[in-house]
Every structure is written in structure tokens, then in C-alpha cells.
Amino acid sequence: MPWFWLIVGGLFEVGFTTSLRFVDGFRNVPWTIAFLVSVAISMALLELASRSIPMGTAYAVWGGIGAVGTVVVGILWFQEPSSTVRVLLILAIVAAIAALKLTA
């Protein structure tokens, strides 16, 4: 279960980084609430997972999921560039996450 919670926490990290795009200096209340709720859930799940997974591994995986997810959201919904080099670097992050899972 710790790995499940870590993955879900990483997905909520994508939620808070995406919400952050719309908070407009914390004046946009619905997006600010979405940001704060996502941050709280993401951090709580990271803490829960790190009870069983070494903190360095948990943080690296959580951050990697958030980074990859945020880049994918940017490419799919915000027309951010998706060059070959960028995609290869994202795949390298995914490979590193998988390797950390295998060695934990």
C-alpha cells in the first residue's frame, strides 16, 4: 500500500502544480482552494508512504511523478513544446522512478 499512496500523492502534486497556474496571486478563490486541497493531500500521502519507504526514495519518486505529470499536462492541455529531446528526458525520469522502485 505505501507505493500506492505514494503514486496517488504524486498525482495530487500534478493537481497542485496545475492549479497553481490559475490561482492569479491567490485571488481566484476556486483555484486557490483546489491548490491548497491538492497540496495538503499530496503532502499527507507522501508522509504516509514515507513511513514504510525510505524518505529519499519516496521524495524522489513523488517529485518525479509530479514533474512528469506536470510536463504531460502542459503538453496535452497548454500546448507546451514536445520536442524529441524533451520526451526522451521525460522517459529518463520515468526510468529512474522505476529503478528506484525496483531497488527500494
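The values are calculated or read from the model by the stated rules, or taken from the named source; none is laboratory data. Owing to the predicted nature of the structure, the values given are computational and were not obtained by experimental measurement. Using ideal geometry, Cβ is built from the backbone for each residue, glycine included, and neighbour counts are taken over all protein chains shown. Remember, those area values only see protein heavy atoms, side chains included, never the ligands or the DNA or RNA. Shrake-Rupley method; radii C 1.70, N 1.55, O 1.52, S 1.80 Å.
For the chain, calculate the relative contact order in percent as a whole number, restricting contacts to Cα pairs under 8 Å that are 6 or more residues apart.
Relative contact order for the chain comes out at 33 percent.
With a ≥ b ≥ c taken as the square roots of the eigenvalues of the C-alpha gyration tensor of the stretch 46-104, please select rounded if a/c is under 1.5 and otherwise prolate if a/b is larger than b/c or oblate if it is not?
It comes out oblate by the Cα gyration axes.
Counting only protein heavy atoms and using a 1.4 Å probe, what share of the accessible area of the chain belongs to carbon plus sulfur, as a whole percent?
On the way: 4660 of 6220 Å².
Answer for the chain: carbon and sulfur cover 75 percent of the accessible area.
If you count, for each residue, the other Cβ atoms within 10 Å and average over each peptide, how do 40-47, 72-79, 10-17 line up from highest to lowest?
Details: 40-47: 17.5, 72-79: 12.4, 10-17: 21.5.
The most tightly packed comes first, giving 10-17, 40-47, 72-79.
Using a 1.4 angstrom probe, figure out how much accessible area the chain has per residue, in square angstrom, rounded to the nearest whole.
That works out to 60 Å² for each residue.
Return, for the Cα atoms of the chain, the radius of gyration and Dmax in Å, separated by a comma.
Considering the chain through its Cα atoms, Rg and Dmax are 14.5, 44 Å.
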